[in-house]
Amino acid sequence: MNEALQKPVLNVAESWPIYDTICVCNTFYGSESVESGWFTSFNTFADKETHSFFKSRTEGNIGLQYTNKQSLDTMDFAFEAYSAGLSFFAPGIRNLGKINSGAWDTLDTGSAHWWEAELPRHCAIQLKVQQDIVAELPAMMASPGYGPQGGGASQEHEEINYVGPNGVVNPQMPATMNWAMTQGVPSISNRWRFPKKIKIPRTSTIEAILHVSDYARGVLAAINDSSGPHNYVLPAGIDQGQTWTEYPARYGIQFSLIGKRLVQQRAQYHS
């Protein structure tokens with residue numbers, strides 16, 4: 001009998017994604033607050049020319065919502081990467097209340113859309129395994145292949161006045177703007193596919209590096225304010241007694257690899 005056929009197969013291939021996320025938000029919760037790769041303002045994000053994925057975050061410190069890595073800069077298992085994707089996301093509610101001195105001041109309807117639609121045009125991504133750069137390309141070429149898309153807007157035409165949280169009487173409700181933009185068509189096949197699968201050994205170091213242009217960093221610094229990224233403000237009520245609740249807006253960039261992980265076979269395979 002062929003000797004190779006007598007050797008047991010130790011690993012089995014399972015379809016699997018790995019992903020990691022950078023967030024910009026003026027409020028973090030729990031263990032998020034000690035994450036050094038997240039930022040409390042556009043200005044602090046723009047201070048750095050490059051940003052890293054897969055280097056400092058684990059599921060244990062920021063949650064499965066933002067990464068599924070179990071260890072810091074090394075692989076949890078051997079992995080064969082077939083495609084890469086990069087997603088820029090911001091609040092779908094485009095009416096973001098700009099906070100000045102603790103009070104809602106003006107509406108910002110541009111920064112969320114700029115983050116999703118324009119920032120990716122001024123970024124590039126590299127994938128590094130061990131000491132080798134195995135891929136580098138413009139961010140817009142690495143469509144995530146998932147995410148929401150679409151939305152709409154309407155203008156309020158009622159004549160009644162309302163009082164904003166800053167005490168100013170406004171003649172009418174502001175326009176309603178809800179939108180969500182994904183980089184490219186949100187179909188899983190619409191991702192950057194490596195010409196050949198990239199084989200990543202178990203425990204090898206891995207890093208994805210986001211490069212941000214000086215132009216983009218300048219724009220982000222210009223739209224920053226002292227309170228950090230703008231809070232979005234949700235109104236409740238329809239008359240002059242209208243009240244407002246503020247929730248922190250969260251901007252994010254998520255990098256993902258989709259492929260197969262090679263894991264030790266389950267016990268039933270040997271029973």
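Summary table
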quantity	calculated
Out-of-range pairs (alpha-carbon distance over 21 Å; input K69/K260; K48/K260; K69/K196; K196/K260; K128/K197; K69/K128)	K48/K260; K69/K196
Under Karplus coefficients 6.51, -1.76 and 1.60, residue-wise ³J(HN,Hα) of region 126-142 in Hz, glycine/proline x	10, 10, 10, 10, 6, 9, 9, 7, 9, 6, 8, 6, x, 4, 5, 7, 9
Karplus-derived HN-Hα couplings along region 12-22 (A = 6.51, B = -1.76, C = 1.60, θ = phi - 60°), whole Hz, x at Gly and Pro	10, 8, 10, 4, 7, x, 10, 8, 8, 9, 9
Amide hydrogen neighbours beyond the local backbone of W16, cut-off 5 Å, H modeled	G259, K260, R261
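Values quoted throughout were computed directly from the atomic coordinates according to the rules given, and no laboratory measurement underlies them. None of these values were measured; they are calculated from a predicted model.
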